[in-house]
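The values are calculated or read from the model by the stated rules, or taken from the named source; none is laboratory data. Since we're looking at a predicted model, the values are computed, not measured. Here the Cβ positions follow ideal geometry from the backbone for every residue, glycine too, while neighbour counts run over all protein chains shown. For accessibility, only protein heavy atoms count, side chains too; no ligands or nucleic acids. Shrake-Rupley method; radii C 1.70, N 1.55, O 1.52, S 1.80 Å.
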Amino acid sequence: MDQNKTKTKILFVCLGNICRSPSAEGIMKKIVKREGLESSFHIDSAGILNYHQGELPDSRMRSHAARRGYDLNSRSRPIQYDDFFEFDMIIGMDDNNIMDLKRLSPDTTALPKISRMTDYSLRLKQHNHVPDPYYSGAEGFELVLDILEDACEGLLERCKEMRAAEFP
């Protein structure tokens, strides 16, 4: 990708922005960095709710992610009205997130930007959503990371395809 072209802006969204969406943000940032594409992307995360506004991601999620080399250091924030205009892609983790995003969307022009994280899965296609690990044990956090790693790889492939079509 030509780094002088417009950045692809991706917003990951889950319920509280303390487990799934900050993990997707951290994983995607690492993948993009690995590919040398940091200047081509703006990656962020948000929550449907503001219950955890200003907090770091869940300590259990940070611990599991750190074992895989991910630094989850973003601060929780609720999705904002302007996000629907600023971001090119708004990616929810499950059907409830998708329904909430569509309900919060300020107009119909933002609807095509909304998609489900597992729509980008390459290998783990048996999962149709990213489950919330908040009330689960270690295996729940590990499963979330497995699904997100796979889907983020697929998302990067999709972004490369979209950019190639947009900027031949």
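Worth a mention:
- Per-region count, segment 19-42, residues without any contact (Cβ under 8 Å) to a residue 60 or more places away in the chain and closer than 24 Å to residue 81 by Cα: 5
- Within the option set 118, 109, being open to solvent by 60 Å² or more (accessible area, probe 1.4 Å) and either part of a strand (DSSP E or B) or not aliphatic (A, V, I, L, M) (or both) holds for one residue only, 109.
- Note on segment 121-168: residues that are open to solvent by less than 10 Å² (accessible area, probe 1.4 Å), touching a residue at least 60 places away in the same chain (Cβ under 8 Å) and under 15 Å from the mean Cα position of the chain (by Cα) total 9.
- Residue satisfying condition, being at pLDDT 95 or above, under 27 Å from residue 138 (Cα atoms), touching a Gly at 6+ places or on another chain (Cβ under 9 Å) and among the basic types (Lys, Arg), within set 20, 77: 77
- Per the conditions (1) at pLDDT 95 or above; (2) surrounded by 15 or more Cβ atoms within 10 Å (Cβ to Cβ); (3) more than 16 Å from the chain's Cα centre (by Cα); (4) not β-branched (Val, Ile, Thr), the sole criterion not satisfied by residue 103 is (2).
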